[in-house]
Amino acid sequence: MKNSKYNFWFAILYEVINDLSNHFKSLKKNKIVKLILAYCKHDWILWKVESTLKDVDEQVEEIKKTWEEAESPKYSVIEHEPDGSKAQELLGGAIEIKSNFRRD
């Protein structure tokens with residue numbers, strides 16, 4: 001989205017006028033305000049999408065860092081084969097959770 005062309009000032013103008021018209025309901029009926037909002041909406045949408053994607057990229061990087069810093073799990077999961085009973089045929093075999101923790 002960095003190559004998208006939009007007018008930043010039109011996007012800001014849309015944002016400000018939209019907020020003002022939400023606060024002052026009489027502005028929504030004004031013809032000039034309607035024209036400004038209609039004219040600037042495309043720029044505002046492109047700006048909003050670009051800023052949202054930038055925020056998402058930053059959040060993804062933070063999540064990746066926390067995953068890299070996280071320790072490996074201190075347990076392992078062992079799934080056993082079903083023993084042939086009706087319940088285990090429907091639900092699957094027993095599950096065992098084993099701790100990898102060691103005391104020094």
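Observations on the structure shown:
- Diffusion coefficient, µm² s⁻¹, Stokes-Einstein with Kirkwood Rh over alpha-carbon pairs of the chain at 37 °C and 0.692 mPa s: 168
- Dipole in debye (nearest 20) - the chain, about Cα centre, beta carbon charges: Lys, Arg +1; Asp, Glu -1: 1120
- Helix 8-23 and the longest principal axis of the C-alpha atoms of the chain enclose an angle of approximately 90°.
- Angle between the chain longest axis and helix 31-69 axis [Cα atoms, degrees, rounded to 10]: 30
- In the stretch 1-70, lysine pairs with alpha-carbon atoms under 30 angstrom apart (chain gap of 8 or more, or interchain): 29
- Each peptide in 39-52, 84-97, 14-27 was scored by the mean count of other Cβ atoms within 10 Å over its residues; highest first, the order is 39-52, 14-27, 84-97.
- Each of 17, 100, 66 was placed along the dipole of the chain (beta-carbon charges, centred on the mean Cα), and the one lying farthest toward the positive end is 17.
- If the segment from residue 56 to residue 76 were pulled out straight at 0.36 nm per residue, it would be longer than the present Cα-Cα gap by 4.0 nm.
- Mean sequence separation of contacting Cα pairs (under 8 Å, at least six apart), scaled by the length of the chain, corresponds to a relative contact order of 22 percent.
- From its DSSP helices (H runs of at least four residues, each -39,500 (n - 2.57)), the chain gives a residue-normalised ellipticity at 222 nm of -20000 deg cm²/dmol.
- A simple count of charges around residue 80, restricted to other residues whose Cβ falls under 13 Å of its Cβ and scoring Lys, Arg +1 and Asp, Glu -1, yields -3.
- Net charge over other residues, Cβ less than 15 angstrom from the Cβ of residue 17 (K, R count +1; D, E count -1): +4
- Counted charge near residue 38, where neighbours are those whose Cβ lies closer than 13 Å (Asp, Glu -1; Lys, Arg +1): +3
Throughout, read-outs are computed from the coordinates displayed, never taken from laboratory work. For clarity, every value in this text was computed on a predicted model and none was experimentally measured. Glycine also receives a Cβ, built like all others from the backbone with ideal geometry; neighbour counts cover every protein chain displayed.
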